[in-house]
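The structure under discussion appears below in the form of structure tokens.
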Amino acid sequence: MTIKKLKTVVISLGGSIIVPGTIDVAFLKRFRDIVRARKDTRFLIICGGGKVCRTYQDAAKAVAVVSDGDLDWIGIRATRLNAELIRSMFGEAAYQKVVHDPEEGIDTERRIIIGAGFEPGSSTDLRAVQLAARFEADTVINMSNIDYVYDKDPNRYPDAKKIKRMSWDEFRHLVGETWDPGLSMPFDPIASREADRLRLTVVIVGNNMDNLERLLEGDAFEGSTIS
């Protein structure tokens, strides 16, 4: 089946805003409405694990010495649970299977496709990058509880400065090259390396829905652009 040629938007949707503590139903309703309203756009939405992931990982580490591989698998399962939630809320408008393997066949003309984690060694940011390349999208929108890239951790340093635009070299120097299960960064180091190689743009926009709408409309928005 040939997929209709639509504008493609790829969103790496952080688990931290799907389930910041309890499931954020108000956020999900608004997010669903924005996606469903854009009939001319195909959305690839790849869901992270967020707090659910870290809660289970922390419990495992509190009980026993757990390998990084096992911690990654806990995280992957958390992303799939979140993705099933997101898939279900779009009903028949969405492809009825959560995509794990970025190379698997996707036989659908439905314009909403939901993805999740696949294998250890990186976060769902990498899945978003891989699917963007596959569907010939040039940009990945990263939505999480981080609204900008900062020059240092704003939770620890009150004088941390927002960076609105930066190169991949600058960003990769900031985040390093090493993946760690449960890592909390604007965009993971492995995904960053691949996005750099593919010459993709990544936009960090936080979780403000008005801001997302401005970005989708091509208007001025608050956030960081890495390219």
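The values are calculated or read from the model by the stated rules, or taken from the named source; none is laboratory data. Note that the coordinates shown come from a computational prediction; the quantities given were computed from them, not determined experimentally. All Cβ positions, even for glycine, are placed from backbone atoms using ideal geometry, and neighbour counts span all protein chains on display. Areas reflect the complete protein model, heavy atoms only, side chains present, ligands, DNA and RNA absent. Shrake-Rupley method; radii C 1.70, N 1.55, O 1.52, S 1.80 Å.
Things to note:
- Packing-based order for 150-162, 68-80, using average beta carbon neighbours within 10 Å, highest first: 68-80, 150-162
- With a threshold of 27 Å on the Cα-Cα distance, the over-threshold entries among Lys61/Lys97; Lys51/Lys162; Lys51/Lys97; Lys29/Lys51; Lys7/Lys29; Lys7/Lys164 are Lys61/Lys97.
- Sorted largest first, extent of the stretch 109-227 alpha carbons per principal axis (Å): 48, 35, 23
- Averaged per residue, the chain has 50 square angstrom of accessible surface, using a 1.4 angstrom probe with ligands and nucleic acids left out.
- Normalised by the number of residues in the chain, the average gap of Cα pairs under 8 Å and 6 or more apart makes the relative contact order 22 percent.
- Sorted largest first, the spans of the alpha carbon positions of the chain along the three principal axes are 46, 39, 35 Å.
- Residue order for Ile17, Ile23 - accessible surface, 1.4 angstrom probe, largest first: Ile23, Ile17
- Glu104 contributes about 30 Å² of solvent-accessible surface, heavy atoms of the protein only, 1.4 Å probe.
- Label-point gap, in nm, between Ala26 and Glu119 - each point 7 angstrom along Cα→Cβ: 4.2 nm
- Cβ-based net charge around Thr41, under 10 Å, with every Lys or Arg adding one and every Asp or Glu removing one: +4
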